[in-house]
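Notes for the one structure printed next.
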Amino acid sequence: MPGIIQRIRTRINTMFIRCQGAAIGKGSVVNYSVEIQNPGGIMMGMRSTIYKNVSIFNGKSGSFKFGNYSHIAPFGYFLIDNNFMSVGDHVAIGPFCAFFCHSNDFSDSSDFFTDSYLDGDIIIGSNVFIGAQCTVLPGSVISDNVVIGANSVVKGHLESGFMYAGSPARKIKPISESND
């Protein structure tokens, strides 16, 4: 019985978020425990899922585009603020991943806690797998066909067709296109 109640609550939450202005594609669901600030800036493709306890903080002029057949595992954190984040089709984001389009900037000598912010859009291509507990920093671009190992920190541009891992994430090896 609890499974049925959770599915009903998730369906109601998906409809509620849609009523608040989010564009949610056919067959997509947003778990009832998901927290979204400014749902009007959310665009979600078809047959995608945002699982439990995900937090999406979107500013008034921020935008989050989430592709088709993709999912965000539980406990994800997305700080978009007034920036843009795009996730392509067939993307799997592992649990406890954090994405920062807006973050503190420690590159200059200003006070760490005031007026020292770094903003940048995050673009994630299609056919991407992001392992558990990864952090993606402002301005990062993850091309199509990329695998990122668990606990990695992504900053900059990740080239298509490779596996990356580490802190900072570095190219580990090419992804084989065939199973020969």
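The values are calculated or read from the model by the stated rules, or taken from the named source; none is laboratory data. Source: prediction; values computed, not measured. Glycine also receives a Cβ, built like all others from the backbone with ideal geometry; neighbour counts cover every protein chain displayed.
For the range 5-31, taking the residues that are part of a loop (DSSP other than H, G, I, E, B) and under 18 Å from the mean Cα position of the chain (by Cα), the one that is nearest to residue 50 (Cα to Cα) is identified as 31.
Taken together, 86, 126 contain a single residue that is surrounded by fewer than 17 Cβ atoms within 10 Å (Cβ to Cβ), modelled with pLDDT of 95 or more and among the small types (Gly, Ala, Ser), which is 86.
Screening residue 147 with (1) within 19 Å of residue 79 (Cα to Cα); (2) modelled with pLDDT of 95 or more; (3) assigned to a strand (DSSP E or B) gives one miss only, at (1).
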